[in-house]
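The values are calculated or read from the model by the stated rules, or taken from the named source; none is laboratory data. Here the structure is a predicted model, which means the values were calculated and not measured. All Cβ positions, even for glycine, are placed from backbone atoms using ideal geometry, and neighbour counts span all protein chains on display. These area figures cover heavy atoms from the full protein model, side chains too; ligands, DNA and RNA do not enter into them. Shrake-Rupley method; radii C 1.70, N 1.55, O 1.52, S 1.80 Å.
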Amino acid sequence: MKVKTKVISTLLAICLLLTALPVTALAGSTKVSYSTKTSGKGNVIKVKKVSYDKDDGQKELEVDFSTKVSWSKTAKVSSIKDNTGKTYKGYLTDKDDDECDISIPSLKEGRTYTIKITGIKKRGTSGYRTLTLSVKIPAAQKPSQKVKVKKVSVEDNGDIEVDFTSKVTWRSNAKITSIKDNKGSTYKGALIDKDDDECEIRIRNMKYGRTYTIKISGVKVRGAASYQTVTVTVKVPARSSKLSVKRVSYEEDYDDGVMEYKVEFKFNKHVVRKGSSYILIKDSAGKAYSSKSSYIDWDDDECELHLSGPLTDGKTYTYQIIDVKASGESSYKTLKGSFIAAYKVVPED
């Protein structure tokens with residue numbers, strides 16, 4: 001049972017190590033400045049790079065060698081001392097033929113460490129050596145206490161989304177304190193959503209085509225002492241009042257064992273139509289694939305036209321949508337355009 005327990009423990013340790021390695025790499029490592037010295041004469045152990053990893057509280061140095069190395073069974077970190085004279089415990093957590101990992105649990109950033117490793121040699125040479133590393137660990141940079149905005153965008157419905165560069169915390173009474181546009185008009189608004197890295201703002205009676213300066217109070221960088229007022233500026237694009245086609249798509253659909261050929265039109269606004277409205281689809285030779293009597297399934301901002309026959313994949317077709325307008329437009333009109341039939345089959349349920 002003792003042997004089995006030892007084997008299982010070893011396997012678990014290996015699994016944990018393999019799981020941890022990609023996380024450390026993804027978290028990123030910092031290259032640090034260093035110098036080296038090999039005991040004895042000749043057969044110098046050359047180091048290519050030293051990196052400092054700090055992940056989940058574990059502090060570790062990764063040493064990459066320029067040449068292949070060999071390790072004795074008793075290889076270890078024999079001593080660690082920083083530039084203030086303080087000594088530390090350290091461990092070789094991994095030894096390979098071209099690298100090693102050194103764990104220093106009590107390491108303090110912003111200091112220079114002299115680390116001695118015994119039981120290592122350049123592969124193919126006789127006699128193990130002591131490798132002395134002098135490594136400078138950079139001081140940890142304090143996170144910014146200022147809330148910074150990464151991006152401000154306007155959604156299709158006019159709501160404004162603000163993305164922050166770091167995690168933030170909101171005060172319970174966080175709010176919009178002022179909104180003013182580029183013409184000097186003021187508005188009322190509300191925080192309709194608050195998240196740990198973004199928020200959404202809705203401006204009452206917002207006018208499109210204007211630039212808004214918005215002040216948000218009661219937000220701070222996570223961990224900061226005090227809350228701040230953040231000012232953002234956003235230009236809300238003007239909206240066309242005219243109806244237009246945003247997208248055209250073609251599909252072939254099996255319905256109750258019968259193949260149906262459809263063209264779907266997406267509009268930029270809610271479409272208003274007459275009872276006599278219809279759509280014509282033609283190819284370059286003038287052949288029509290729909291008529292005044294073709295069935296159309298109308299919806300708020302889209303419609304689906306049923307064709308008399310299939311379209312050819314990759315071929316260009318023209319359309320005319322007769323007697324339609326956007327809500328608020330004074331007169332009906334005909335929308336004209338063209339599209340390429342991109343063949344798509346919708347399988348029968």
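Some points to look at:
- Euclidean distance between Cα centres, the range 110-136 to the range 286-339, Å: 77
- Solvent-free Debye scattering, log10 I(q)/I(0), computed from the Cα coordinates of the range 109-152 at q = 0.18, 0.24 Å⁻¹: -0.71, -0.87
- The range 67-161: GluC sites (Glu not before Pro) in DSSP loop, at most 13 other beta carbons within 10 Å: 109, 155
- Tail fraction, Cα-Cα pairs, the range 150-254, threshold 16 Å, whole percent: 61
- Convex hull volume of the range 93-221 per residue (C-alpha atoms, cubic angstrom): 202
- Computed from Cα atoms, the angle from the helix 2-27 axis to the main principal axis of the chain rounds to 60 degrees.
- Once backbone amide H atoms are built at 1.01 Å from N, residue 337 has 319 as its partners under 5 Å, excluding neighbours fewer than 5 places away on the same chain.
- Scaled to the globular estimate 2.2 N^0.38 Å, the Cα spread of the range 31-124, given as radius of gyration, is 1.05.
- The range 281-347 - Rg over Rh from alpha carbon coordinates, Kirkwood radius: 0.99
- Residue ranges 62-70, 254-262 sort as 62-70, 254-262 when ordered by packing (mean number of other C-beta atoms within 10 Å per residue, highest first).
- Calculated translational diffusion coefficient of the range 250-320 (20 °C, 1.002 mPa s; Stokes-Einstein with Kirkwood radius over alpha-carbon pairs) equals 165 µm²/s.
- 3J(HN,Hα) couplings calculated from phi for the range 108-125 with the Karplus curve 6.51 cos²θ - 1.76 cosθ + 1.60 (θ = phi - 60°) are, in sequence order, 10, 6, x, 10, 9, 10, 9, 10, 10, 10, 9, x, 10, 8, 5, 4, x, 9 Hz; Gly and Pro show x.
- Using θ = phi - 60° in the Karplus curve 6.51 cos²θ - 1.76 cosθ + 1.60, the 3J(HN,Hα) couplings for the range 67-73 round to 10, 5, 10, 10, 10, 7, 5 Hz; x is entered for Gly and Pro.
- Both the radius of gyration and Dmax for the chain are 34.4, 98 Å, in that order, over alpha-carbon atoms.
- Remark on the range 214-341: ratio of C-alpha radius of gyration to 2.2 N^0.38 Å is 1.59.
- Rounded percent of accessible protein surface that carbon and sulfur make up, the range 146-269, 1.4 Å probe: 41
- Solvent-accessible heavy-atom area per residue, rounded to whole Å², over the range 39-178 at 1.4 Å: 57
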